[in-house]
Amino acid sequence: MPTLEGGLRLEAESEVDWQILYAIPHDAAGTDLASRLGDLVTDDSLAEDWNDFVVPDLKSQFDNQIEHVSDAIREAHASAEGERGTISIKPAESSIWYGVLNQARLSLEEMHHFGNRDQVDLTGQDPNRRTAFFRSQFYCALQSEMLRHGLI
């Protein structure tokens, strides 16, 4: 839900909610997005420079974002002492959260190849694939809320 300060507040009402929140940085760490972006560079000389100079800094930036979100979740969970709790996403850190959610969605898509969500049929699918799809949809909804409230 939006806050008066202009951010968002996530409310975890159960241990299951906390586990879903912990899945954000876990899923985001599932792909090397920096290298994947480098694969899009088709000119061999530019690709080599990209891999040598851009990828390490980009990877470090992505890793720092994941660590920030992971720390925020861990601290909020510890403060809640296993009960209901909240995480505040301040406007100044919203781009970090948005980026990590994006990395998580890209990682899940790379792993499961969901494609267009309106065409996904989860009937009879492996439970891990189903839960990954629902996490991806949650991440998308959270990103949409961030956009809707002008955080990005």
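Tabulated data
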item	result
Total residues in region 16-35, condition farther than 18 Å from ASP57 by Cβ, small (Gly, Ala, Ser) and in contact with a Ser or Thr (Cβ under 8 Å, 6 or more places away or on another chain)	1
Test for SER70: is it in contact (Cβ under 8 Å) with a residue 24 or more places away in the chain, open to solvent by 50 Å² or more (accessible area, probe 1.4 Å) and among the polar types (S, T, N, Q)	no
Odd one out for GLU93, checked against (1) outside any loop (DSSP other than H, G, I, E, B); (2) more than 24 Å from GLY7 (Cα to Cα)	(2)
Residue check, SER88 hydroxyl-bearing (Ser, Thr, Tyr) and touching a strand residue (DSSP E or B) at 6+ places or on another chain (Cβ under 6 Å)	yes
Residue that is nearest to the chain's Cα centre (by Cα), among those in region 109-143 that are within 30 Å of GLU5 (Cα to Cα) and open to solvent by less than 60 Å² (accessible area, probe 1.4 Å)	TYR139
Neighbours by Cβ (under 6 Å, 6+ apart or cross-chain): first from region 14-26, within 15 Å of ALA80 (Cα to Cα); second open to solvent by 20 Å² or more (accessible area, probe 1.4 Å) and in a helix (DSSP H, G or I)	TRP18/HIS77
GLU83 being acidic (Asp, Glu) and more than 16 Å from ASP17 (Cα to Cα)	no
Residue count, region 35-67 (criterion: exposed (fewer than 15 other Cβ atoms within 10 Å of the Cβ), at pLDDT 90 or above and among the aliphatic types (A, V, I, L, M))	0
Answer from ASP71, ASP63, ASP57 - the residue that is farther than 14 Å from TRP97 by Cα and either more than 19 Å from the chain's Cα centre (by Cα) or among the acidic types (Asp, Glu) (or both)	ASP57
Out of GLY82, GLY99, sole residue that is on the phi > 0 side of the Ramachandran plot and touching a residue at least 24 places away in the same chain (Cβ under 8 Å)	GLY82
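The values are calculated or read from the model by the stated rules, or taken from the named source; none is laboratory data. Predicted model, so just to flag it, every value in this text is computed and none were measured. Note: ideal-geometry Cβ built from the backbone for every residue, glycine included; neighbour counts use all protein chains shown. The accessibility values were calculated without ligands, DNA or RNA, using every heavy atom of the protein model including side chains. Shrake-Rupley method; radii C 1.70, N 1.55, O 1.52, S 1.80 Å.
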